Amino acid sequence: MTALTEEMFAIFDQPEFSFKKIKENYASAEVEQLKAEFKKVWQKWKQVNQNVASQLLVGKFAKVHVESWTNGWNLRDHYWASYRLNELVDYNPCIGVMLDKKQLQVYLMFQHYKSEQRQGTPEEYNRLLKKVPTWAKTIDLNNWYLWNKDEMEFDDHMPLKDYLTNSQQQASFNAEAQETSFLLGKFTFRNRDQVNNMEDFILEAINGLTPLYEELI
């Protein structure tokens, strides 16, 4: 059981993430201290996701992918992990889990990055939108949001409740999403919510999303 702490959010309260610029503005010892702090939080993040993966139904999901805390040139401004069903391991859609300075979120997505190396098109994925109203009857709608790929990471997204109860908003969103792809997920926010067990929060959201995700098989 791992609590989501202020320290884990605060690591991303950085004015600069480029190693080149960080080294220009900080002494060597300070750079090493900053790297150590990032790595400490990341190791906790990695362990949380490994713990979650170990609790998922054996054989249903492929090995979790936990993105590194650096890309070689920069510190990450968020930490990310992805979960794929075994039957869709070579496909673009996945369940992403992301921690940044504002929120922890677990969401279904179409991974556009390097999408040419995997199978599945945005058009095929976006057909899931028609199934969202029926799927949504199986979850508690609190803290669930829907957004499209072109919205920024820190934008306030549309609550799923609003999408389901406003037919005009629903039609407008569906039309916009067809131009890119949609994302659907559960959030917990810094300074607003308290999560004493990250594993439980992530696992519950993944299990909630899985029936919709499985519609792609």
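Among the trypsin sites (Lys or Arg not before Pro) in the range 129-212, those placed in a DSSP loop whose Cβ has at most 16 other Cβ atoms within 10 Å are LYS149, ARG192. Semi-axis lengths, largest first, of the ellipsoid equivalent to the range 12-86 are 31, 11, 8 Å, with √(5λ) applied to each eigenvalue of the Cα gyration tensor. May I ask you to list the residues of the range 45-72 whose amide nitrogen lies under 18 Å from a point 7 Å from Cα along the Cα→beta-carbon direction of PHE17? Residues 45-46, 66-72 fall inside that zone.
Once you divide the Cα radius of gyration of the chain by 2.2 N^0.38 Å, the number left is 1.06. Expressed in Å, the radius of gyration and Dmax of the Cα atoms of the range 48-166 are 15.3, 45.
Working value for the range 100-168: equivalent-ellipsoid semi-axes of 22, 18, 11 Å, each the square root of 5 times a Cα gyration tensor eigenvalue, largest first. What a 1.4 Å probe finds exposed on the range 42-133 is 48% carbon and sulfur by accessible area, rounded to a whole percent. Loop-located trypsin sites (Lys or Arg not before Pro) in the range 28-92 (DSSP state not H, G, I, E or B) with no more than 16 neighbouring Cβ atoms inside 10 Å: LYS60, LYS63. Can you give the FRET efficiency to the nearest 0.05 for VAL58 and GLN169, using r as the Cβ-Cβ distance and R₀ = 45 Å? So the FRET efficiency works out to roughly 0.65.
The helix-only estimate of mean residue ellipticity at 222 nm for the chain, built from DSSP H runs of length n ≥ 4 each weighted as -39500 (n - 2.57), is -11500 deg cm²/dmol after division by the residue total. Sorting the segments 119-126, 17-24 by their mean number of nearby beta carbons within 10 angstrom, highest to lowest, gives 119-126, 17-24.
The values are calculated or read from the model by the stated rules, or taken from the named source; none is laboratory data. Remember, predicted model here, so these are calculated numbers, not experimental data. Every residue, glycine among them, receives a Cβ derived from its backbone with ideal geometry; neighbour counts consider all protein chains shown. We work out accessible area using only protein heavy atoms, side chains counted, and drop any ligands, DNA or RNA first. Shrake-Rupley method; radii C 1.70, N 1.55, O 1.52, S 1.80 Å.
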